Amino acid sequence: MKKIFALVLALAMVLSFAACGGQTPQPAGGTETQKVIVQIAYENNPGEPIDLGANEWKRLVEERSNGTMEVQLFPSSQLGSKTDLVDQMQMGEGIIHIGDAAFWADYGAPEMGIASAPYIYDSWDQYHKLLTTDWWQEQIDLLAQNGLRITTSNWEYGVRELMTTKRVGCLADLKGLIIRTPNNVMQMTTWQEMGAAPTALALGEVYTQTTQGQIDGMENPMATLAGQKYYEVAKYITMIDYIRMPIQWITSEEWFQSLTEEQQKILCECGDEAGIFHNNKQNEMIDSYMAEMEANGVEIIYPSEAEMAEFKAAAVKIYDNPEVTAKWSEGLYDRIREMIQ
């Protein structure tokens, strides 16, 4: 009888432990804090400056939060396309994704697109000055009303150049070329004004489409052009410097508001610090990217002053194009230029 009782007691103890799920005992006088999972997704590949900056962001957040926030990184479009991820964010998913103002303009802040417009800045300092204006805060508030929250804005993605399978030395050489652009009205219209045939593609599709001859080229900063190894399928880069491209990291407004004020502060402040880290890496690595391109048989073309003037004159026609400016307030271009001087 004693043996049966002992067996039953032992079994009860095993079942009791199993019912607890092997959880760590709760500390006396309080409950265990649930860890916040932060998912950061981007199209860039490991090793690119964006990826290095994201890793620094992860390190800083996890360090400052004392392990109560865990950051998971998803490079190379692992979580899907930009538009799919934005849809998920607007439904409350806790994802942070990279993008530029011309893309976010389609999500409730139409004037914001000018922050990524061709030949709008003479220097990066002018963009950072724009971030301090009341106008920029208005754009942030408009996005928030549409379910999206900017977490950090000071990342300098780079100066966008043209890379093609056919040599482009002047504006006339662009006529009819199929050029991949991001999926936004601003950049697609710019390339139309310059005589090309823009097509919107996810970054992950560009290499294959170029290999198959479906597109003639793409535009992006040097870090992305090298990081995506486009030099294997396109052998000409034309340095037209047509957009000094800043980027913003966006998340779900609903998810962001579910965080504590301290967690919000950690996420945003660490994002800004990682942005500075990224910008420095970008500058450090640009020469090596260009050397890598040339070592792989790429010709880097520098248009003359007169040829550059032709590219610029065609591109800035967008400021009079109603397809781009229909939802802008009157005189926006001049006001922005005045703000950043």
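The values are calculated or read from the model by the stated rules, or taken from the named source; none is laboratory data. Small disclaimer: the values here were computed from a predicted structure and weren't measured. Here Cβ is always computed from backbone atoms with ideal geometry, including for glycine, and neighbour counts include all displayed protein chains. Surface accessibility is based on the protein's heavy atoms, side chains included, excluding ligands, DNA and RNA. Shrake-Rupley method; radii C 1.70, N 1.55, O 1.52, S 1.80 Å.
General observations
- Theoretical ellipticity at 222 nm over the chain - DSSP helices of four or more residues, -39500 (n - 2.57) apiece, nearest 500: -13500 deg cm²/dmol
- Crossing angle, helix 134-145 versus the chain [Cα axis fit, 0-90 degrees, rounded to tens]: 50 degrees
- Taking θ as phi - 60° and the Karplus parameters 6.51, -1.76 and 1.60, the scalar couplings of segment 245-261 work out to 9, x, 10, 10, 9, 10, 9, 6, 4, 4, 5, 4, 6, 6, 7, 6, 4 Hz in sequence order, x denoting glycine and proline.
- Around LEU73: net Lys/Arg minus Asp/Glu count, Cβ-Cβ under 9 Å: 0
- Most mobile listed residue (SER116, SER76, SER304) in the chain, GNM with C-alpha springs under 10 Å: SER304
- Taking amide H as placed 1.01 Å from N in the peptide plane, the amide H of ASP241 sits under 5 Å from that of LEU162, each at least 5 places away or on another chain.
- Accessible area (Å², 1.4 Å probe, nearest 10) - PHE256: 10 Å²
- Rolling a 1.4 Å probe over the heavy atoms of the protein chains gives the chain an accessible area of 47 Å² per residue.
- For ILE96, the amide hydrogen comes within under 5 Å of the amide hydrogens of GLN39, ILE40, ALA41, counting only partners 5 or more places away or on other chains and with H modelled in the peptide plane.
- Residue-by-residue Karplus 3J(HN,Hα) for segment 103-111, coefficients 6.51, -1.76, 1.60, Hz, glycine and proline x: 6, 5, 4, 7, 10, x, 10, x, 6
- Length released on extending from GLN72 to ILE276, taking residue separation times 0.36 nm less the Cα-Cα span: 71.4 nm
- Residue-count net charge about GLU63 - beta-carbon cut-off 13 Å; Lys, Arg +1, Asp, Glu -1: -2
- Paramagnetic label reach from ASN321 (point 7 Å along Cα→Cβ; backbone nitrogen cut-off under 17 Å): within segment 179-217, residues 179-201.
- Principal-axis tilt of helix 2-19 within the chain, Cα atoms, nearest 10 degrees: 20 degrees
- Seen from MET339, the other residues with C-beta closer than 14 Å to its C-beta sum to a net charge of -4, counting Lys and Arg as +1 and Asp and Glu as -1.
- Rel. contact order, % - alpha carbon contacts under 8 angstrom, at least six apart, the chain: 24 percent
- Highest GNM mean-square fluctuation among GLU205, GLU111, GLU294, for the chain modelled with Cα contacts below 10 Å: GLU205.
- Computed from phi, the 3J(HN,Hα) profile of segment 192-205 under the Karplus parametrisation 6.51, -1.76, 1.60 (θ = phi - 60°) reads 5, 4, 8, x, 8, 10, x, 9, 7, 9, 5, 4, x, 9 Hz, with x in place of Gly and Pro.
- For ALA200, the residues 5 or more places off, or on other chains, whose built amide H falls under 5 Å of its own are THR181.
- This model, with +1 at the C-beta of Lys and Arg and -1 at the C-beta of Asp and Glu, gives the chain a dipole about its Cα centre of some 1220 debye.
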